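> There's a structure below that I have some questions on.
The values are calculated or read from the model by the stated rules, or taken from the named source; none is laboratory data. Since the model is a prediction, treat every value here as computed from it, not as a measurement. Glycine gets a Cβ as well: all are built from the backbone with ideal geometry, and neighbour counts include every protein chain shown.
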Amino acid sequence: MADTPKITVDAFMLMAQRGDRGGLAGALAAGIKINTLDAHGNSALMYAAAAGQTKTCQWLIDQGVDKESKNDWGLSARDWCQWSSNADDIRKLVY
């Protein structure tokens, strides 16, 4: 039986940005932690918020992601959602 490929932090963040909830669920099942941070302290919720992935933001919140997490520059998902085309919808989730 072949080993399952390791899911990288970057791949996890890309899944969040793309709204790939199935991939995120698979990553969690493979051992990635919901509050995993990238090299700059960014969370999956931040990537999903910036990309306007409303359903993915809600899914991450339902999985227990830390909504208050801040990256190396002191920005949280609240700050990241301002770059989304549907910032008002995302803001309702992350506040």
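> If we scan region 32-39, do we find a residue that is charged (D, E, K, R), under 12 Å from the mean Cα position of the chain (by Cα), more than 23 Å from K92 (Cβ to Cβ) and part of a loop (DSSP other than H, G, I, E, B)? Steps first, please.
Narrowing region 32-39 to residues charged (D, E, K, R): 33, 38.
Subset that is under 12 Å from the mean Cα position of the chain (by Cα): 33, 38.
Next cut, more than 23 Å from K92 (Cβ to Cβ) only: 33, 38.
Checking the rest, the ones that are also part of a loop (DSSP other than H, G, I, E, B) come to 33, 38.
Within region 32-39, one or more residues are charged (D, E, K, R), under 12 Å from the mean Cα position of the chain (by Cα), more than 23 Å from K92 (Cβ to Cβ) and part of a loop (DSSP other than H, G, I, E, B).
> Working only within region 13-37, note down all residues that are of a type outside the set (D, E, K, R) and closer than 14 Å to S69 by Cβ. Walk me through how you get there before you give the answer.
Going residue by residue through region 13-37, those that are of a type outside the set (D, E, K, R) are 13-17, 19, 22-32, 34-37.
The answer is M13, A16, I34, N35, T36, L37.
> Working only within region 52-81, note down all residues that are assigned to a helix (DSSP H, G or I) and either hydrophobic (A, V, I, L, M, F, W, C) or at positive phi (or both).
From region 52-81, those assigned to a helix (DSSP H, G or I) are 54-62, 77-81; that's our starting set.
Residues satisfying the conditions are C57, W59, L60, I61, A77, W80, C81.
> Just to be sure I understand the filter: pairs with C-beta atoms under 8 Å, separated by 6 or more residues or on different chains, first member in region 15-42 and basic (K, R), second member crowded, with 17+ Cβ neighbours inside 10 Å. Which pairs pass?
Every condition considered, the pairs that remain are R18/A51; R18/Q53; R21/T56; R21/W59.
> Right, something else. In region 12-31, which residues are of a type in the set (G, A, S) and over 11 Å from the mean Cα position of the chain (by Cα)? Let's see the steps before the verdict.
Quick first cut of region 12-31, residues of a type in the set (G, A, S) only: 16, 19, 22-23, 25-27, 29-31.
Scanning region 12-31 gives G22, G23, A25, G26, A27, A29, A30, G31.
> When you look at D62, is it touching a Gly at 6+ places or on another chain (Cβ under 9 Å), surrounded by fewer than 21 Cβ atoms within 10 Å (Cβ to Cβ), at pLDDT 95 or above and not β-branched (V, I, T), yes or no?
Details: touching a Gly at 6+ places or on another chain (Cβ under 9 Å): no; surrounded by fewer than 21 Cβ atoms within 10 Å (Cβ to Cβ): yes; at pLDDT 95 or above: yes; not β-branched (V, I, T): yes.
The answer is no for D62.
> Restrict the check to region 13-27 and report whether at least one residue is of a type in the set (A, V, I, L, M, F, W, C), part of a helix (DSSP H, G or I) and exposed (fewer than 12 other Cβ atoms within 10 Å of the Cβ). Walk me through it before giving the result.
Initial filter on region 13-27 (of a type in the set (A, V, I, L, M, F, W, C)): 13-16, 24-25, 27.
Those left that are additionally part of a helix (DSSP H, G or I): 13-16, 24-25, 27.
Those left that are additionally exposed (fewer than 12 other Cβ atoms within 10 Å of the Cβ): none.
Taking every residue of region 13-27 in turn, none turns out to be of a type in the set (A, V, I, L, M, F, W, C), part of a helix (DSSP H, G or I) and exposed (fewer than 12 other Cβ atoms within 10 Å of the Cβ).
> With respect to D10, is the statement that it is in a helix (DSSP H, G or I), free of Cβ contacts under 8 Å to residues at least 40 places away in the same chain and out of contact with any Cys (no Cβ under 9 Å at 6 or more places or on another chain) true?
Details: in a helix (DSSP H, G or I): yes; free of Cβ contacts under 8 Å to residues at least 40 places away in the same chain: yes; out of contact with any Cys (no Cβ under 9 Å at 6 or more places or on another chain): yes.
Judged against the criteria, D10 is a match.
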